[in-house]
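Just below is one structure, and these are the notes that go with it.
The values are calculated or read from the model by the stated rules, or taken from the named source; none is laboratory data. Keep in mind the model is a prediction, meaning the values are calculated, not measured. No Cβ is skipped: glycine too gets one built from the backbone with ideal geometry, and neighbour counts run over all protein chains shown.
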Amino acid sequence: MQSLIVIAIGGNSLIEDPNNQTVAAQYAACRKTVAHLVPLLQRGNRMLIVHGNGPQVGFILRRSELAKHELHFVPLDSCVADTQGAIGYNLQMALWNELRRVGMERSAATVITQMVVDSEDPSWRNPTKPIGSFMSAEQAERHAQSEGWAVSEDAGRGWRRMVPSPRPRAIVEIETIRTLLERDIVVIAAGGGGIPVRVETSGDLRGAEAVIDKDLAASLLAQTLEAEHFVISTAVDRVALHYNTPKQLWLDELSIAEAERYLAEGHFAPGSMKPKVEAMIEYLRATGGRGAITDPVHLGSAIAGRAGTRFSPT
Ligand code: ADP
Ligand code: MG
């Protein structure tokens, strides 16, 4: 039987060496991750890939800032679209090359994905996601005055622009994605969590200055498409209790009830592991499917139930 696997790949895991952040290095990282996906495709599964883009959006914004004496500024929704295209291209080429290497003919396609967010989302009044370069207090004040940016001090490292991170509500291109998957095409969609758009009273869509959590976006896709498996691939092979402390305890299996208890006890850091566990719980509850959080190397064995932190409804 063919299963649909939804895989979320971290934007950070596409940067292996912080001192070598080139496009070529990013392609090499994509190719390594893709090599771990190919065996899953060889087993006849259908696949949807959602990638992160935190660092990559930062680079585009920085470039835009440095060039502002000469070129127009790039709004955030457009930056997300740029990263969907560029990372999607990297993944498509990596898939083409790796699939050809094992003698498989399967196509891959990137869908530039708009994600509807709610105008009433509480995050509009409370922007929590730091993006772009660090600034001095004076620069931050100027941007706040002239562009209306929300700015905040970021952990003693300087001032940064803060943007809202509204919840993803609906996927505009869902029927396109579904059709491609039904044709056995490997789909790359909702990169960076999707391009945030709001629905105006006229019914028109309009890009929003926000970023969407890619794990929550991937979860919404896995729920909507009723995927049999939802896997979040990140920098750690498992989720831990008391992470990074002497009492650290790696977890192999978690039920919804256990995951919720550990969440409430604060074991999962906000902005990193917490949204992943929340995304997993939402998927399990909606579909009764199976989930895992692991690193790229353990993707296949995690789906087979032998590695990673596996999540089940009960
Ligand atoms: P990604 O780019 O894949 O979204 P993040 O950096 O956002 O990755 O989140 C993954 C990171 O979360 C891990 O590399 C780890 O450092 C951190 N983390 C926080 N809490 C935990 C925990 N309880 N167990 C494991 N990792 C955790
Ligand atoms: Mg993350």
When the stretch 126-146 is checked residue by residue, the ones that are in contact (Cβ under 8 Å) with a residue 24 or more places away in the chain, more than 19 Å from the chain's Cα centre (by Cα) and not in a strand (DSSP E or B) are Asn126
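Working only within the stretch 26-80, note down all residues that are part of a loop (DSSP other than H, G, I, E, B) and closer than 18 Å to Ala8 by Cβ.
Asn45, Gly52, Asn53
Quick check on the stretch 65-75. Is at least one of its residues surrounded by 19 or more Cβ atoms within 10 Å (Cβ to Cβ), among the aliphatic types (A, V, I, L, M) and closer than 30 Å to Thr201 by Cα?
Pass one, the stretch 65-75, residues surrounded by 19 or more Cβ atoms within 10 Å (Cβ to Cβ): none.
No, because not a single residue in the stretch 65-75 is surrounded by 19 or more Cβ atoms within 10 Å (Cβ to Cβ), among the aliphatic types (A, V, I, L, M) and closer than 30 Å to Thr201 by Cα.
Would you point out which residue out of Arg178, Arg157, Arg161 is surrounded by 14 or more Cβ atoms within 10 Å (Cβ to Cβ) and within 26 Å of Pro270 (Cβ to Cβ)? Don't jump to the end; show me each part of the working.
Details: Arg178 fails: within 26 Å of Pro270 (Cβ to Cβ); Arg157 fails: surrounded by 14 or more Cβ atoms within 10 Å (Cβ to Cβ).
The conditions single out Arg161.
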Restricting the stretch 102-111 to residues that are of a type outside the set (A, V, I, L, M, F, W, C) and touching a residue at least 60 places away in the same chain (Cβ under 8 Å), which is farthest from Asp184 (Cα to Cα)?
Thr110
Does Thr245 satisfy the condition of being hydroxyl-bearing (Ser, Thr, Tyr), within 16 Å of ligand 1 (Cβ to nearest atom) and touching a Ser or Thr at 6+ places or on another chain (Cβ under 8 Å)?
no
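Can you go through Gln21, Gln2 and tell me which one is surrounded by fewer than 20 Cβ atoms within 10 Å (Cβ to Cβ) and within 16 Å of ligand 1 (Cβ to nearest atom)?
Details: Gln2 fails: within 16 Å of ligand 1 (Cβ to nearest atom).
Gln21 is the lone residue from the list that is surrounded by fewer than 20 Cβ atoms within 10 Å (Cβ to Cβ) and within 16 Å of ligand 1 (Cβ to nearest atom).
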For the stretch 7-25, which positions are away from ligand 2 (no atom under 16 Å from the Cβ) and either assigned to a helix (DSSP H, G or I) or at pLDDT 95 or above (or both)?
Val23, Ala24, Ala25
Failed condition for Gln42, given (1) touching a strand residue (DSSP E or B) at 6+ places or on another chain (Cβ under 6 Å); (2) surrounded by fewer than 20 Cβ atoms within 10 Å (Cβ to Cβ); (3) at pLDDT 95 or above:
(1)
Which numbered condition in (1) more than 16 Å from ligand 2 (Cβ to nearest atom); (2) farther than 30 Å from Arg62 by Cβ; (3) in contact with a helix residue (DSSP H, G or I) (Cβ under 9 Å, 6 or more places away or on another chain) is the only one that Ala208 fails?
(2)
